[in-house]
1. Tell me the net charge near L690. Cut-off is 12 Å between Cβ atoms, L690 excluded, with +1 for each Lys or Arg and -1 for each Asp or Glu.
2. Can you figure out the FRET efficiency of I417 with S355, using R₀ = 25 Å and their beta-carbon distance, to the nearest 0.05?
3. How much length is gained if the chain between N21 and T664 is pulled fully straight, taking 0.36 nm per residue apart and subtracting their Cα-Cα distance, in nm to one decimal?
4. Would you kindly calculate the translational diffusion coefficient of segment 156-308, applying Stokes-Einstein with the Kirkwood radius from alpha carbon pairs, for 10 °C and a viscosity of 1.306 mPa s, and quote it in µm² s⁻¹ without decimals?
5. Exposed loop sites here are trypsin sites (Lys or Arg not before Pro) in DSSP loop states with at most 15 other C-beta atoms within 10 Å. What is the longest stretch of the chain lacking them?
6. Report the one residue of P68, Q509, L923 whose Cα lies farthest in the direction of the positive end of the charge dipole of the chain (charges on C-beta: Lys and Arg +1, Asp and Glu -1; origin at the Cα centre).
7. Can you work out the accessible area per residue across segment 127-255, with the rest of the protein chains kept in place, probe 1.4 Å, in square angstrom?
8. What's the angle, to the nearest 10 degrees (0 to 90), between helix 431-443's Cα axis and the longest principal axis of the chain?
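The values are calculated or read from the model by the stated rules, or taken from the named source; none is laboratory data. All of these numbers come straight from a predicted model, not from anything done at the bench. All Cβ positions, even for glycine, are placed from backbone atoms using ideal geometry, and neighbour counts span all protein chains on display. Only protein heavy atoms, including side chains, enter the accessible area calculation; ligands, DNA and RNA are left aside. Shrake-Rupley method; radii C 1.70, N 1.55, O 1.52, S 1.80 Å.
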Amino acid sequence: MASALDPSVLACLVSIADQSNPQANYAALTSLSAHISSSPASFSFFLSQFAAAATQYAALAVSHPTLPIPVTSLYILKKYLQSPPPIPNLRLVPEHVASLKQCLLSLLSLPPSPQTSPLLTAATSLISLATCQTPPSSPTFLPLADWPELLSFLITTVASPTTLSLLNKMSSDAPAIFTTTINNPVDGSPLIPLNSLLPSLTSQPLPQPSVALFYKFVTNHLQSFPPPSAITMTTPAILASLAANSTSPDVPTLQAISECLSTYLEFHSSSLAENLSSVCSFMLSHLTSRLDPNLSTACTEFFHILFSPQTQLPPGAFQGLLTGPALLPPLLAALLGNMVYSGDERQALLAKNSSDLSEEVNVRKKDKSGTNDDSDDEDGDVDFEDGEDSGWNLRKASAATLDSIALCVPPSMTLPILLPLLQAALSSADLWVVEGAILALGAISAHPTGQDVEQHLPQLYPYMLKQLNASLPQLVEITVWTMSRYAGWVIYMEESQQMPNILSNHITQLLHAMMLPNRQVQNASVTSLSATIELAGGPMIAPHLPPILSTLTACLSIYTHKPLLTLYETFGVIADFVGEPLGPHCATFMPTLLEKWMHVDALQKQADFGDSDEQAAFRRTLVPLLECVGCIAIATTTHFEPFAAATMTTALACINHNILLVVTNSSTDENDSDLIVCCLDIIDALLESLSSNFHPLLNSLPPKVSESLLPVIQQAAAFPVAGVRMSAFAVIGDLAMHAPSVIQSGLAEIFALLLTGLHKNLKEQDAKVLNNVLWATSELFVRCRSPPPHLLSILQSIQTKLATSIWDLVNGGQQGISENASVAMGRMALIDNSGFNTATVIGQDVSRWFEAIGNVRDRYEKKDAFTGCVLSIMSRPDILMGETHRPGSLSALFMAIAAFHTRPDEEGAFEPITSDHLHGPNLFQPFPDDMPELHAMLKKLVADVRGGVGDAEFSKHVSRLPVNVRKLVQGHYSIPN
């Protein structure tokens, strides 16, 4: 039975529903939250009361739709089901469960009408939430397996729109819920719900409102693999139903049919093989009719899947479609037609063009007066509205489908159809038609079709350049996008000297378009320039840097919104792909970039600490700006020095402010710490860029700034957000490598942080942070060799704990971590050149250490790791002599030695050992000439082990090695055959 409604609960609901009295409303919500969170029984009681209130007042709501009690009750019920209070062992009391179930089913049984629609929608959502939500997000309060009444209701009323809406919601929230075996509510026998639901749906005529819902239900289950047996068994009936309803005048039904057929094609294409031609005809008819844009989009998506390389059709089925006249000609014509903006879309875009132009004039006037302050501009840097045409639509679906066709269909079959259509469209007096045709040109740039189009580019490319002067911004925008798709051809024509000045002209035209007063044109132009730079590379771009950088710098004072962010990214692309030749040009753009940084940074500091939306907007502006500054610092090396002091000062101030901001808001969200990470990365970039000049830079700063570096880094290394810790430990490692004197005064604290970092990040299983901790630790160990007395005392105080932690990671760390730990372990052993620091903690089984060293590829890290390892073993000769672990340790030792005999790559790193090294032609090389001391140590270690275990035992171990390793050991380490 449903619970009787408690008068106090009703009074509370009335107060919550009454929006005219905010104080009473807030007091009621606060009281309710306190009561409902007090115990599982209280939580359970209130949930049943909310359901009872909704049920008891539902009848009144039909005649009084504005009555707030039922909707308010269901809203609060959903809130607490979705986000229950943190009560340990939270479960519902059985009597309340029964009441809750009865009330929800009662609501689900309401007759459909405009008045009951809100209640039915809420009940559907609640039942799905209670049955489908799973830990850890929330307990499953009402599992379907424990609710036989709901299952019986679903099976007996399966054809009703209400039930199908619920089935769709449940299958979307938890696709496996209807394919999991539960008990039959009738006789208790095992039952898979879908096996009962689908046959019932396919064996009876459905009312019109239910047809589309049925197809959506099928679509939800088609996406699972392997397909449920019920889908396989009923597919013929489902396809027959789809065919029978394909002539329906109801647009939602036709759209559901299209989506269902598309899902069949994507996940179970063999089901459609026999009827593929008729299915394509159905899709084409609605693709060209423009009965409804959403329906046309759904039909276009079918063809996008059909021409996808991932779609597997039976042999001959796809080819048969292509060779007939019924598909490609009408399809390609329809796709081109649907790429042209509709009349309503044109009107909206023209209105936006006028608005953007007025705004741009306003921004430029501010700039000329010297008061271009984005804080006064409601549409400035911190407000990011996507441009027009955002989201998936018919135009984008058509372009994507044409792109797939260009990729999958031989150009000999498509271009004879496309080229006349494109020629006609490009010759049109309607600029919107021309715009759609140029979009199509960009869409077919994919290979192999793009290669055949390139023979026409000597005529098409000049035509596109002319469109950059068009009066319609959308035409200019799509032209620069299409130019980026053919940038590879431009570069080829330049390199081959067939058109020697084409790259210069290409860049000049893009720079001209970047200065046009339309935000979408600006963004497309700078994106196209960025793509060209990536494809051309540094040597080809370097001669064009002066005009590029002067234009980009001018745009920094003009651009807002997304174009500004894209502009920052383009500076980063130039730094990455041009590199050091960018250095002499730093004076062109760095002052403006630093000015932008300081300006937005100042605005952020003036903003409300508690306004998370406002702070997020500033982050969206600053993050790409800071990332590009970091890239520039690394690429330009010493040329960055004139700007290093300002960069360092601003980065430290930014870190301090944002640490305070995150701590004040008690945030552990990675996104809230993005700026801290970016500024730490900039400091790291300065270290890499300036190297030994970093310390003089620090000394040139005011003491308040320079003395804040170590405390800031230490605070960041202990920060609760993993990304901040990762960047902080990277800075510590680079300080040890490039400016060790900077950290001398804080070594005790830094080693303590490293030890804490090993424990904390191992516990949290954060591999990226652990790797940086280990790398920083090993770099510090390099600087600690032959340490002075004060440093030796610091090391002695923590060496056992530190060595134990690192040794645990050598043996138990995942791939990557073990290798870095092996390097740190080896370098720790080299501190006093005796191995004593590590020998006391390593166990009898050192095979994992050898394996990890064998996997290290950097030659200097590998050398240090193995040298320290050998020293440790030599100080503990018993390590390799224990009978239990000896076979594995000796085998791993020889494999690690063999890893020093592989060929170095272009950067000097050792190649990994492959099966070819072990069993094929002997690819092993002599031991590296630049490591004679290690080679001698290894020979001595092998000789000592051989002497310790005896020739017979030793030979037995060697004989078990892969053939080429055995030959290597015997030939290079004085071991007889």
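1. -4
2. For R0 = 25 Å, the calculated efficiency reads 0.05.
3. 228.3 nm
4. 100 µm²/s
5. The reported range is 291-784.
6. Result: L923.
7. 42 Å²
8. Orientation of helix 431-443: about 50 degrees from the principal axis.
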